[in-house]
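The values are calculated or read from the model by the stated rules, or taken from the named source; none is laboratory data. Since the model is a prediction, treat every value here as computed from it, not as a measurement. Glycine gets a Cβ as well: all are built from the backbone with ideal geometry, and neighbour counts include every protein chain shown.
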Amino acid sequence: MTKPIADELTRTRLEDGAESDPVAHDAKRGKVAKPKRKRTVTDEKILEVKDLHVTFSTYGGTVQAVRGVTFDLYKGETLAIVGESGCGKSVTSNAIMGLIQQPPGKITSKGVHFKSKDLTKLSKKEMRKIQGVDISMIFQDPMTALNPTLTIGEQLTEGVKQHKNLSGAEAKKRAIEMLNLVGIPNPEERLKQYPHQFSGGMRQRIVIAIALICEPELLIADEPTTALDVTIQAQILDLFEEIQAKTGVSIILITHDLGVVAKIADRIAVMYAGKVVETGTKREIFYTANHPYTKGLLNSVPRLDLKEEELVPIDGTPPDLFSPPQGCPFAPRCPFAMEVCAHVYPEPTHLSATQKVDCWLQDERAKKLIEDGAFAH
Amino acid sequence: MGRYILKRFLMMLMTIFIIATLTFFLMHAVPGSPLETERTTNETIQANLEKFYKLDQPLYIQYFDYMKSLATFDFGPSIKDPNRTVNELLERGFPISFELGIITIIIAVLSGVLLGILAALRHNKLLDYGAMAFAVIGISIPNFVMATLLIQQLAVTWDIFPPATWKSPMHMVLPVLALATGPMAIIARLTRSSMLEVLTQDYIKMARAKGIKPVRIVFRHALRNAMMPVVTIMGTLLAGILTGTFVIEKIFAIPGMGKYFVDSINNRDYPVIMGTTVFYSAFLIFMLFLVDIVYGILDPRIKLHKKEGDV
């Protein structure tokens, strides 16, 4: 696909608006979600991750799980990190959250700045003052994320009691507020119950309530809807939007579900083999994706507007992160791979103020090749 | 809950009944009788004695008579020591045996769990290896060997603790140590492995992400979940400690119940055999019942009873 045609396609799709917008169409369920979304994304950077590397030493060798991830997060926005299993998205979030056990893990970076603090330089004790207070995390599987032997009330209140020095009664009041916020009926009675007395969707609401009880500024959601069925997924995503509108929290959403991304993300970072290969706003990624991997990812999602089109899987498998390739990790699977791709990792190309892509196809010399018809197949 | 306890109680009675019956017939199947001695006794006296103790009756009559007196908690008189009833022996011996057993259990559980936690938290470090080496030694050495070693070193050579009898806390140290080492080692190993497993669970990761203090994570979040396997083997350990007390009491000359139990079997003192066996089994069954209750307290998912409308 050459660039001008891609642009053309984009324009027509954008003009068609919501009706043929595959993304918005897919996301709409029952209620119209748009009007209640009165969020304000500001220019204030809340999180700056620079060249983050995470490796794990194992008996089989060293896994380079994250290999130089750089991204910024602004106050009040939702950044989705997408990519297939094992691409390092969860490890990235765990590293930010301070949940990597060292050893066997090892984190190196040019700084992971949350507001003014470099999270990688904090002691465990200093980190605990941030965990759950300024940065909270929501886990993938609500069935295992709650302690089966403690009441919901205790799991909700222990954080505020420790961090904000609230008394038992104050903490309980706060917990009831939170359960109301996440939509759990009869909060007062529910506090005395144990996790096994709740359904999966309810438990995820409780996990969210626990994450939000100290009013964090950053919420990291690691595949928060993967373990839930589709109707509950939609409810939980609505809840995220509602909470963001109310509290102005910034969200990092880790997912491999592009439907989820389309619904609530502002910006998207696409990860592959431990690297962020492309970042951009939601529109940019969905309509003017430039990295062959992003395109492949989008082509492998079913679309409602194009009936004839078959799903195109990406051939091959991701590289072995015990010995990652020296060039672009996607090169062996890339239909446009050139000689250089196998040897040198491309420098990022800024396509707009918000879109950035790591691909040799953006190089002037490659563009010339495209014009000459080198990829005419 | 009430219904559950009632049900369990009836089952316990049933178990005791079966144990009593089995013991009764096994005991009579063993050759010899309480009245046999090395001296030759006058045949008339022998016959009179048998008549007095109703040993001349057919076995089934003896059985029914015994069961009747058992139902009234009357274990009858000792044949070898006619001045005492079995009830008196139990009253005198049991408190001492109970003291020895209960102190042993408390020491074994507390130190075993603590050692297990420390080993798990220092996984694959020196402390872990040290604790586990110690545990293997503890499991491998039988308590009677341990007892003799302790007496030799701490009582005879170094003269720190008294070597025998049961009078003061100082007297208790060696027998308790000898009896507790094995169970403690088993509990330590079990706590370590289940603690290691629990510490990798999502809810522990979540507690960390909440910034909860490590002490609270270990004791409030992890320990309760990690204790389940330990509670499970408590039943077996209790039985082990119970039989261990027989040996330990003998070695340390502790006037507990174990002495009567062992002697009665050698002497074929039928009422004492029956009395001590039934009493010990009743006690063990009751302890197992307590273990089951502890299960329900530790893990709210385990329900001992079903309420109407529960999900």
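Checking A:K307 against (1) over 24 Å from A:I96 (Cβ atoms); (2) modelled with pLDDT under 85; (3) under 19 Å from the mean Cα position of the chain (by Cα); (4) charged (D, E, K, R): exactly one of these is not met. Which one? Result: A:K307 fails condition (3) only. Has the range A:294-304 got any residue that is modelled with pLDDT of 85 or more, outside any loop (DSSP other than H, G, I, E, B) and buried (at least 23 other Cβ atoms within 10 Å of the Cβ)? Yes, the range A:294-304 has at least one match.
Yes/no matrix, rows are residues, columns are (1) at pLDDT 90 or above; (2) away from chain A (no Cβ under 14 Å); (3) closer than 30 Å to A:E154 by Cβ:
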position: B:I160; (1), (2), (3): no, yes, no
position: B:W166; (1), (2), (3): no, yes, no
position: B:P175; (1), (2), (3): yes, yes, no
position: B:I187; (1), (2), (3): yes, yes, yes
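Looking at the range B:196-206, which of the residues that are without any contact (Cβ under 8 Å) to a residue 24 or more places away in the chain and more than 7 Å from chain A (Cβ to nearest Cβ) is farthest from A:G98 (Cα to Cα)? Residue satisfying both the conditions and the ranking: B:T200.
On the phi > 0 side of the Ramachandran plot and more than 14 Å from chain A (Cβ to nearest Cβ): is that true of B:A253 in this structure? Criteria met by B:A253. Once the range A:122-161 is narrowed to residues that are facing chain B (nearest Cβ under 7 Å) and without any contact (Cβ under 8 Å) to a residue 12 or more places away in the chain, the residue that is surrounded by the most Cβ atoms within 10 Å (Cβ to Cβ) is A:E158. For the residues B:Y4, B:Y63, the requirement of being part of a helix (DSSP H, G or I), within 30 Å of B:L288 (Cα to Cα) and under 25 Å from the mean Cα position of the chain (by Cα) singles out B:Y4. Among the residues making up the range B:51-96, those that are free of Cβ contacts under 8 Å to residues at least 60 places away in the same chain and among the small types (G, A, S) are B:S69, B:A71. Take the residues of the range B:45-81 that are surrounded by 17 or more Cβ atoms within 10 Å (Cβ to Cβ) and among the aromatic types (F, W, Y): which is modelled with the highest pLDDT? For the range B:45-81, the residue satisfying everything is B:Y66. One residue stands out in the range B:207-218 among those that are within 12 Å of chain A (Cβ to nearest Cβ) and part of a helix (DSSP H, G or I): the one that is surrounded by the most Cβ atoms within 10 Å (Cβ to Cβ), namely B:A207.
Picking from residues in the range A:324-377 that are closer than 18 Å to A:Y272 by Cβ and without any contact (Cβ under 8 Å) to a residue 12 or more places away in the chain, the one that is nearest to the chain's Cα centre (by Cα) is A:P348.
More than 25 Å from the chain's Cα centre (by Cα), of a type outside the set (S, T, Y) and farther than 26 Å from A:A269 by Cα: does that describe A:G153?
yes
Under the condition of being over 26 Å from the mean Cα position of the chain (by Cα) and closer than 17 Å to B:V278 by Cβ, the residues counted in the range B:70-105 number 1. Based on this model, can you work out whether B:I241 counts as farther than 30 Å from B:E50 by Cβ, away from every other protein chain (no Cβ under 14 Å) and either in contact with a Leu (Cβ under 9 Å, 6 or more places away or on another chain) or assigned to a helix (DSSP H, G or I) (or both)? Considered against the rule, which asks whether it is farther than 30 Å from B:E50 by Cβ, away from every other protein chain (no Cβ under 14 Å) and either in contact with a Leu (Cβ under 9 Å, 6 or more places away or on another chain) or assigned to a helix (DSSP H, G or I) (or both), B:I241 comes out as yes.
Assess whether B:G116 counts as being over 20 Å from the mean Cα position of the chain (by Cα) and either in a helix (DSSP H, G or I) or of a type in the set (V, I, T) (or both). It is true that B:G116 is over 20 Å from the mean Cα position of the chain (by Cα) and either in a helix (DSSP H, G or I) or of a type in the set (V, I, T) (or both). Being in a loop (DSSP other than H, G, I, E, B) and within 22 Å of A:I96 (Cα to Cα) is a description that applies to A:K110. Screening the range A:101-121 for residues that are farther than 22 Å from A:V63 by Cβ and away from every other protein chain (no Cβ under 14 Å) and picking the one that is surrounded by the most Cβ atoms within 10 Å (Cβ to Cβ) gives A:H113.
So, A:I252, is that one buried (at least 21 other Cβ atoms within 10 Å of the Cβ), at pLDDT 90 or above and either among the hydrophobic types (A, V, I, L, M, F, W, C) or in contact with a strand residue (DSSP E or B) (Cβ under 8 Å, 6 or more places away or on another chain) (or both) or not? Against the criterion (buried (at least 21 other Cβ atoms within 10 Å of the Cβ), at pLDDT 90 or above and either among the hydrophobic types (A, V, I, L, M, F, W, C) or in contact with a strand residue (DSSP E or B) (Cβ under 8 Å, 6 or more places away or on another chain) (or both)), A:I252 qualifies. Within the range A:47-64, does at least one residue satisfy the condition of being modelled with pLDDT of 85 or more, within 21 Å of A:G132 (Cβ to Cβ) and among the polar types (S, T, N, Q)? Taking every residue of the range A:47-64 in turn, none turns out to be modelled with pLDDT of 85 or more, within 21 Å of A:G132 (Cβ to Cβ) and among the polar types (S, T, N, Q). For the range B:233-259, a tally of residues being of a type in the set (S, T, Y) and touching a residue at least 24 places away in the same chain (Cβ under 8 Å) returns 1.
When A:G168 is tested against (1) surrounded by fewer than 22 Cβ atoms within 10 Å (Cβ to Cβ); (2) at pLDDT 85 or above; (3) among the small types (G, A, S), only condition (2) is not met.
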